[in-house]
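Contents: one structure, followed by commentary.
Rule-based calculations on the coordinates, nothing more; no lab input. Predicted model only: the values in this text are computed from it and were never measured. Cβ placement follows ideal geometry from the backbone for every residue including glycine, while neighbour counts extend to all protein chains displayed.
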Amino acid sequence: MTTFKKRLASVALTTALGTGMNLAHAQEDPIKVGILHSLSGTMAISETVLKDTVEMLIEQQNAEGGLLGRELEAVVVDPASNWPLFAEKARELLAQEEVDVIFGNWTSVSRKSVLPVVEELNGLLFYPVQYEGEESSENVFYTGAAPNQQAIPAVDYLKNELGVERWVLAGTDYVYPRTTNKILETYLKDQGVAAEDLMINYTPFGHSDWQNIVSDIKSFGSAGKKTAVVSTINGDANVPFYRELGNQGISATDIPVVAFSVGEQELSGIDTGPLVGHLAAWNYFMSVDSDVNYDFIDQWIEYTGDEEAVTNDPMEAHYIGFNMWVEAVQKAETTEVGAVKDAIIGVTVPNLTGGYATMMPNHHITKPVLIGEIQDNGQFTTVWQTPSTVAGDAWSDYLPGSRDLIADWRAPMRCGNYNVTVGKCGASAGEQAAAAE
Amino acid sequence: MSISRWLTFLLIALLTVPGMTSAQEERAPEALLEQLAEASPRDTETVIKAIATSGHERARNWLDAYGNNRLSQVKDTGQIVIVLNNRGRDWEVADAITGENLGETSRRDLDRIAVNNAIRRQLEGVMAMMNLYANDLEVREAAALDLMGKVDDAVVEDVTARIEEEPDADIRSRLEQAVAIYQVEEQGSAEVINVLAGSLHPRARAALNNAVASEDPALRAPAEKALGSIEQKLKMNKAAETLYFGLSLGSVLVLAAIGLAITFGVMGVINMAHGELIMLGAYTTWGMQQLLPGQPGLALILSIPAGFLVAALAGIAIERSVIQFLKGRPLETLLATFGISLILQQLVRTVISPQNRTVVSPEWMSGSLVINDALSLTLNRMYVLGFALVVFATLMLIMRRTRLGLEVRAVTQNRAMARSMGIRATRVDIMTFALGSGVAGLAGVALSQLTNVGPNLGQNYIIDSFMVVVFGGVGNLWGTLVAGLTLGTINQLLEPWAGAVLAKIIVLVFIILFIQKRPKGLFPQKGRAAEA
């Protein structure tokens, strides 16, 4: 890793020395890029790789001559999986370090904690994880999936391709599964699914005794209609769940489970033999067959020095977000937040699946939706994908109060929650949506 | 290697020697595989069937590889290969037709021949049809079970013909059911409904449910009757299943708590690091599996003494370094051991990894013991239940029948008196704490088969352990056993209608109320021991 860094540095040096212009610029102050990911505590498992991803992207950008002729510099802070500390660290990044952009956060609660700080100090935040939607901030760019870019297409796939008619919505008891399941419940009922064909189940964090629930799913699935489980079960509670499924003899061909929180990183800690054929919905899989993806994997393995290193969906989101920001800065010819914010809307960059991602006016991006089946090597293989990319929808069309809202941060509207029926922009509409939950 | 080469040679010889084999037939398998690579989802089934009936010696190999997502096409040459090892960036492949190992190829150069659940389902049906003619009874049994709900127009005649030839009565009736499902669902035949009447198989029930929902009254009435008799049987099976679930959860609670019943119950030490001793046992299992790769079963069995030793040694270290200095000061002991638990967790995070470790279940522990189609008992939990009972019985023996047990009871009842009788109280303290800690290690070995092995493992069980010990009555091993099994069963009885979250809360509230009424638990200490 150090030799690689040295090599990069030497490359950067030679390019800088090569042209007198660049040398002059390189002596200017570097552009500061804040990285706000937990490096200790419970979330460190997931977030550490995202910090490494941004650092790798910064190194690559510097090797190509930096940005606007200036060097990029990573400013890394550790919010330690502590939600209030996220706000403090964000303030430190913006007020003391005066970073030009922040890449960070994983959990929704940490994002909500950072939100007022970023808005108050007029910062830029790129958020790379799939989330429950119902939010659009002027200062935040959501490069992960909104529910219509993950949950809804996954349900459509099960319904249309596998002929599923009976649904189990199983989740961990907190905000993301509850909101997502509420959206899915309304969506399925709109599609004519009867209430008795829906089973909704919540379990505590880290639940390990799945006997009864799996047995219930089994008998629920023997009513004569094709049944599937839509799982928003969080983190490592999935492992005993899948193990119990296997032991009770439920295979993916009988009752498939589609998961929204199980990625390559999670699978790398388990024996995936009994899981083969179960599904996950993401916007990127490490196994995607595209040259740009293979190159990215090669770079990542070289950067980490670990032949077994895996890539995942939030890493791709940072890859897209970083490149979008770079392009927007080049377009605006400045790193000034207001100008970048305006310039980035409409910016299109390649994603890792061989297509392109565009920043929409509601600060969400366009993504293809991929359905993958788990393989015995801890990877997914894509079995279905949307014919074109899907634009992220900040406000779900399937929640009362939320369906009338749109977000558009272009002039002259510049509003994150514009109510189309009332014709007014305001927090009252957002509160209305919150109250309706 | 040489055998497979010899087989390939034999195969080529067989194909080429008889003059009747035309050039076209020789090429057929390649053509079929290429067809498979290009087939649209609708056509794959025909191609699969063509391969299955092609009679090619490697046909089963291809279908196996296809189902396991191992069939690929080399991008440049169009050659069909079977992927032998699909980890990392370079994959080891073999030619599909000849079976010749081609070495490693970059993943970039391979095009996977797509398979999904729908195709895999068809494959299962096709493979089951092939296996129906196998000589091995178990293979035929599995094949017949696989055919439930998978009989269609194409195979119904073959299956019906097979019923006549099948020597085994169980398999015959299974096949009759499979055909009956097809006849009820596809042809609306009412005569065969009584074939399904006794079946507890989910697919049979699904077929009857669909028949009940149908328009045809001639179908509806017998189906309702058949379903009624099934429901009755199902209820009994469901009750047995819930009881098993309860006992199994209970046995986990007993295992986690029984070590604590000794250290806390008998010695009176509030050991908050008890959960981490469990975790050490689980990590020992992981370490043992790392030392003995490929032999998870042996590693697991060796982990039982190893896990006991590791946790017991850790227990001795804790007792000698901290607890002995805090005798009779429960609050300080509580805080100090809580600190130890944090230290142990962080130690595992830094030394091993913050991420969970994979502990593999040996073959004989996965799957379930099938009683009937509606009731099957998962094997891993059955082993844990048995293990818990054995550990409990051994502990009882030690406490009741050995000198150590006698000394422990003497020291806890009256320390001064015991010492004046010549018992070395300090030594007894060490031994008791080591015993309790070692048993926690055993719990860890068992839990590694049920849950995640990670730094947080212990935390998830410490509250439950104290709950069981307090509910059962401090200082009483029988109390711990009864309390653990009772709480497990109550929890599993509540769960179906209250949900997992609420069931946990109700159990906690129940314990609080119970302790209000009987502060000393289920089996309170009586006589002098109670005052000690």
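Using Cα positions and a limit of under 14 Å, work out the aspartates and glutamates in reach of A:K424, with same-chain residues fewer than 8 apart set aside.
Here the aspartates and glutamates satisfying the reach criterion relative to A:K424 are A:D404, A:D408.
Give me the one-decimal nm value for the distance between modelled label points at A:D306 and B:L84, 7 Å along each residue's Cα-to-Cβ direction.
It works out to 2.9 nm between the two label points.
Write down the Kirkwood hydrodynamic radius of the stretch A:195-265, to one decimal in angstroms, obtained as one divided by the mean of 1/r over all alpha carbon pairs.
12.7
Each residue of the stretch B:412-427 in order: what ³J(HN,Hα) in whole Hz does its phi give by Karplus 6.51 cos²θ - 1.76 cosθ + 1.60, θ = phi - 60°, with x for Gly and Pro?
6, 6, 8, 4, 5, 4, 4, 5, 5, 7, x, 8, 7, 4, 4, 5
Between B:N194 and A:E161, what FRET efficiency follows from the Cβ-Cβ distance if R0 is 41 Å, with the result rounded to 0.05?
0.70
Please return the longest stretch of chain B lacking exposed loop sites, where GluC sites (Glu not before Pro) count only if DSSP places them in a loop and at most 15 other Cβ atoms lie within 10 Å.
Here the longest run is B:216-532.
At a Cα cut-off below 17 Å, give the aspartates and glutamates reachable from B:K75, other chains included and same-chain residues fewer than 8 away excluded.
Cα-Cα hits under 17 Å: A:D289, A:D291, B:E30, B:E34, B:E38, B:D90, B:E92, B:D95, B:E104, B:D109, B:D111.
State the Cα centre-to-centre distance between the stretch B:257-298 and the stretch A:296-359 in whole Å.
46
Between A:S40 and B:E231, how high is the FRET efficiency from 1/(1 + (r/R0)^6) when r is the Cβ-Cβ distance and R₀ = 56 Å? Nearest 0.05.
0.55
Output needed: percent of Cα pairs per 5 Å distance bin for the stretch A:131-188, bins running from 0 to the one holding the longest distance.
4, 17, 26, 22, 16, 9, 4, 2, 0
Once you list every other residue whose beta carbon is under 14 Å from the beta carbon of A:D289, what net charge do they have if Lys and Arg are +1 and Asp and Glu are -1?
+1
Once you average over the residues of A:150-163, how many Cβ atoms of partner chains fall within 10 Å of each Cβ?
The shielding value for this peptide is 1.
Karplus couplings for the stretch A:240-257 from phi (6.51 cos²θ - 1.76 cosθ + 1.60, θ = phi - 60°), rounded to Hz, Gly and Pro as x?
x, 4, 5, 5, 5, 4, x, 5, 7, x, 8, 9, 5, 6, 7, 10, x, 10
How much length is gained on full extension from B:R349 to B:A134, taking 0.36 nm per residue of separation minus their Cα-Cα distance?
72.3 nm
From the helices alone, meaning DSSP H stretches of at least four residues, give me the mean residue ellipticity at 222 nm for chain A, per-run term -39500 (n - 2.57), in deg cm²/dmol to the nearest 500.
-12000 deg cm²/dmol
So between B:E38 and B:F325, what do we pick up on full extension, going 0.36 nm a residue minus the alpha carbon distance?
Stretched fully, the B:E38-B:F325 segment lengthens by 95.7 nm.
Using only Cα positions of the protein assembly as shown, each an equal point scatterer, no hydration layer, compute I(q)/I(0) via Debye at q = 0.04, 0.10, 0.11 Å⁻¹ and quote the log10 values to two decimals.
Taking Cα atoms of the protein assembly as shown as identical point scatterers yields -0.23, -1.31, -1.44.
Helix A:2-18 versus the longest principal axis of chain A: what is the Cα-based angle in degrees, 0 to 90, to the nearest 10?
That helix lies at roughly 40 degrees to the long axis.
Which value in deg cm²/dmol, rounded to the nearest 500, describes the helix-derived mean residue ellipticity at 222 nm for chain B, given -39,500 (n - 2.57) per DSSP H run of n ≥ 4 and division by the residue count?
Counting only the DSSP helices, I get -22000 deg cm²/dmol.
State to the nearest 20 debye the size of the charge dipole of the stretch B:25-118 about its Cα centre, where the only charges are +1 on K and R beta carbons and -1 on D and E beta carbons.
Computed charge dipole of the stretch B:25-118: roughly 420 debye.
For chain B, compute the orientation-averaged projected area of the C-alpha convex hull (one quarter of its surface), in nm².
Projected over every direction and averaged, the Cα hull of chain B covers 33.5 nm².
Looking at the calculated P(r) for the stretch B:25-118, what percent of the C-alpha pair distances fall above 20 Å?
Tail of P(r) above 20 Å: 30 percent of Cα pairs.
Grab the eigenvalues of the alpha-carbon gyration tensor for chain A, scale each by 5, take roots, and send me the semi-axes largest first in whole angstrom.
38, 26, 19
Excluding residues fewer than 8 places away in the same chain, name every one of the aspartates and glutamates whose C-alpha is closer than 16 Å to that of B:K233.
Those aspartates and glutamates meeting the cut-off are B:E224, B:E241, B:D373.
Report the full-extension gain for the segment B:L291 to B:E215: residue separation times 0.36 nm, less the Cα-Cα distance, to one decimal in nm.
Extra length from B:L291 to B:E215 when fully extended: 21.0 nm.
Tell me which residues come under 5 Å, amide H to amide H, from A:V310 once H is placed; ignore anything under 5 positions away on its chain.
none
B:L243 to B:A31: FRET efficiency via 1/(1 + (r/R0)^6), r the Cβ-Cβ distance, R0 56 Å, to the nearest 0.05?
Rounded to the nearest 0.05, the efficiency is 0.45.
Report, in cubic angstrom per residue, the convex hull volume of the C-alpha atoms of the stretch B:132-214.
In the stretch B:132-214, the Cα hull volume divided by residue count equals 86 Å³.
Do any of A:K218/B:K238; A:K51/A:K182; A:K189/A:K225; A:K51/A:K89; A:K225/B:K225 go past 22 Å between their Cα atoms, and which?
A:K51/A:K182
For the stretch A:89-212, count the residues as N, evaluate 2.2 N^0.38 Å, and divide the Cα radius of gyration by that value, please.
The reported ratio for this selection is 1.33.
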